[in-house]
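The values are calculated or read from the model by the stated rules, or taken from the named source; none is laboratory data. Computed from a predicted structure; not experimentally measured. Backbone-built Cβ (ideal geometry, glycine too); neighbour counts: all protein chains shown.
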Amino acid sequence: MPTTVRRVTVGRETPSAADVLDYAAEMIRTFGWNKIKGGTVTPSSDEVGYTLHDAIGEACTRLSKTVAPAGSSGSKDWTVTNSEGVEKNLRNEATRAVEAAIKETTFKVAPAGATIDQQYNDKAKNVDQVLAILDKARAAVAE
């Protein structure tokens, strides 16, 4: 595992799906990629790395802890309210952006079963493919 430390700071503006995707990518870079092998599920963690799907949820949990009241455990289904009073679920926005990025590739999604991001994670050949999807999704939502 890399020993480099990178801190991500969310400023006074309302956090965005781009923040979540950036954090998710940094978690995979820092803790590693959890590729599900042969249908065996190893829960994502700092010790074994994170799947694409789990990195988004964990990024929401960790980032929401920084803006929630002291002692809050954070939420993987993080909802924020912007200055206009509009609520946004950042996990849903980040996941939709990842799914859109995956659909632009040659990856074929199975009609039933796991979510698109889980299917992609399981079929990806290497961590670079997963990080490229996160980077592409981040760029799309940051525009």
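Structure notes:
- Here residue 100 passes the criteria (1) modelled with pLDDT of 80 or more; (2) outside any helix (DSSP H, G or I) except the one numbered (2).
- Restricting attention to segment 97-116 and to residues that are buried (at least 16 other Cβ atoms within 10 Å of the Cβ) and without any contact (Cβ under 8 Å) to a residue 24 or more places away in the chain, the residue that is farthest from residue 16 (Cα to Cα) turns out to be 116.
- Filter result (surrounded by 12 or more Cβ atoms within 10 Å (Cβ to Cβ) and touching a residue at least 24 places away in the same chain (Cβ under 8 Å)) within segment 72-87: 78, 80, 82
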